[in-house]
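Asker: Let me begin by handing over the structure; questions about it come next.
The values are calculated or read from the model by the stated rules, or taken from the named source; none is laboratory data. Predicted model only: the values in this text are computed from it and were never measured. Here Cβ is always computed from backbone atoms with ideal geometry, including for glycine, and neighbour counts include all displayed protein chains. The accessibility values were calculated without ligands, DNA or RNA, using every heavy atom of the protein model including side chains. Shrake-Rupley method; radii C 1.70, N 1.55, O 1.52, S 1.80 Å.
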Amino acid sequence: MTALERSWFEEAQQSMHGWDFSHLAGRWQTADLPWDYAALVREHLSADDRWLDIDTGGGELMGRFNHQPALTAVTEGWQPNIELLKQTVVKKGITLYPDAAEQLTAVPNSTFDIVTNSHGAMPVKRIAEVLKPGGRFVTQQVGVTNNYALSRFFDEHYEPAYPDNQLLTVMAQMQAAGFEILRAEQAYAALSFTDVGAIVYYATVIPWEFPHFDVARMLPKLHQLQSLLAINGRVTTFEDRFMIIARKLARRD
């Protein structure tokens, strides 16, 4: 085994806590989207709002908004992140709803002024139910074609895990659930990796886009990527993103 191959195996053994890609700092670059999700949240999040953040990961993004802990709640489905949140945000007074089924089952109805969702599950009907009438929903989602070319490169039979997570379908679901769509956009952003080890790490920690990824089995493909990277210094795929801002309509009797 060469030193390069050994480094790829080592990348596949790296773990991630929360939703933190700092391990790839300086090794990847993503083009800007035409919107700023954090700015959208700040625009719609008032100081006295009761706020629910869906699939918060390790709470990294949620924590940047410095909202009152007593008015903040989060959901999370991955057990290691749940344990991390218990030791961090819960101790600050933030409410945690463990949500392994990603259906907001334990979240009370008609409770929140705003719900946010960055790349999380989208149980649209339940999101409408937990919002108060007039409440806002702000989301940025990973579209169905995200990294499609790279996923198919590794697996010619790859099919997206969430085929209905696309802008038109989600907008229709939201309208049917009683939302007024205030803004909706879709965009594609180039994602470039500057070393193959970074791709190995990325594919390992996102198994729903790279199912059954295994370094030993993928060695010929990884060497192909290495030769392609030598041509222009990077391997580029494309992120599929869409955003929606919506308001829950008052119930009509």
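Asker: Considering the range 49-93 alone, what residues qualify as being in contact (Cβ under 8 Å) with a residue 40 or more places away in the chain and of a type in the set (D, E, K, R)?
Answerer: ASP49, ARG50, ASP53, ASP55, GLU60
Asker: Between THR95, THR72, THR30, THR56, which is open to solvent by 30 Å² or more (accessible area, probe 1.4 Å) and modelled with pLDDT of 95 or more? Even if it seems obvious, please write down each step before you answer.
Answerer: Values: THR72 fails: open to solvent by 30 Å² or more (accessible area, probe 1.4 Å); THR30 fails: modelled with pLDDT of 95 or more; THR56 fails: open to solvent by 30 Å² or more (accessible area, probe 1.4 Å).
None of the other options fit; the residue is THR95.
Asker: Kindly list the number of the only condition in (1) farther than 30 Å from SER110 by Cα; (2) in contact with a Leu (Cβ under 9 Å, 6 or more places away or on another chain) that fails for ALA47.
Answerer: So ALA47 meets the others, but not (1).
Asker: Have a look at SER7, SER22 and point out the one that is open to solvent by 30 Å² or more (accessible area, probe 1.4 Å), within 30 Å of ILE245 (Cα to Cα) and among the small types (Gly, Ala, Ser).
Answerer: SER22
Asker: Further question: Just give me the residues in the range 143-158 being open to solvent by 40 Å² or more (accessible area, probe 1.4 Å) and touching a strand residue (DSSP E or B) at 6+ places or on another chain (Cβ under 7 Å), in sequence order. Break it down into steps so the answer makes sense when it comes.
Answerer: Of all residues in the range 143-158, those open to solvent by 40 Å² or more (accessible area, probe 1.4 Å) come to 145, 148-149, 152-153, 155-157.
If the condition is that a residue be open to solvent by 40 Å² or more (accessible area, probe 1.4 Å) and touching a strand residue (DSSP E or B) at 6+ places or on another chain (Cβ under 7 Å), then THR145, ALA149 are the ones that fit.
Asker: Quick check on the range 160-172. Is at least one of its residues closer than 16 Å to ALA203 by Cα and surrounded by fewer than 19 Cβ atoms within 10 Å (Cβ to Cβ)?
Answerer: yes
Asker: So is THR56 within 27 Å of LYS125 (Cα to Cα) and in a strand (DSSP E or B) or not?
Answerer: Against the criterion (within 27 Å of LYS125 (Cα to Cα) and in a strand (DSSP E or B)), THR56 does not qualify.
Asker: Quick check on my filter: what residues within the range 236-246 are in contact (Cβ under 8 Å) with a residue 60 or more places away in the chain and in contact with a Leu (Cβ under 8 Å, 6 or more places away or on another chain)?
Answerer: THR237, PHE238, GLU239, ARG241, PHE242, MET243, ILE244, ILE245, ALA246
Asker: If I filter the range 173-188 for residues that are open to solvent by 10 Å² or more (accessible area, probe 1.4 Å), among the aromatic types (Phe, Trp, Tyr) and modelled with pLDDT under 95, do I get at least one hit?
Answerer: The answer is no, given that none of the residues of the range 173-188 is open to solvent by 10 Å² or more (accessible area, probe 1.4 Å), among the aromatic types (Phe, Trp, Tyr) and modelled with pLDDT under 95.
Asker: Still on this model: What residue, among those in the range 106-142 that are farther than 22 Å from THR169 by Cβ and in contact with a helix residue (DSSP H, G or I) (Cβ under 8 Å, 6 or more places away or on another chain), is surrounded by the most Cβ atoms within 10 Å (Cβ to Cβ)?
Answerer: Filtering the range 106-142 for residues that are farther than 22 Å from THR169 by Cβ and in contact with a helix residue (DSSP H, G or I) (Cβ under 8 Å, 6 or more places away or on another chain), the one surrounded by the most Cβ atoms within 10 Å (Cβ to Cβ) comes out as PHE112.
Asker: Considering only residues that are assigned to a helix (DSSP H, G or I), in contact with a strand residue (DSSP E or B) (Cβ under 8 Å, 6 or more places away or on another chain) and among the hydroxyl-bearing types (Ser, Thr, Tyr), which ones fall in the range 171-224?
Answerer: TYR202
Asker: If you go through the range 131-156 one residue at a time, how many are free of Cβ contacts under 8 Å to residues at least 60 places away in the same chain and more than 15 Å from TRP208 (Cβ to Cβ)?
Answerer: Qualifying residue count for the region: 1.
Asker: Against the condition without any contact (Cβ under 8 Å) to a residue 40 or more places away in the chain and either touching a Phe, Trp or Tyr at 6+ places or on another chain (Cβ under 6 Å) or under 23 Å from THR237 (Cβ atoms) (or both), how does PRO163 come out, does it pass?
Answerer: yes
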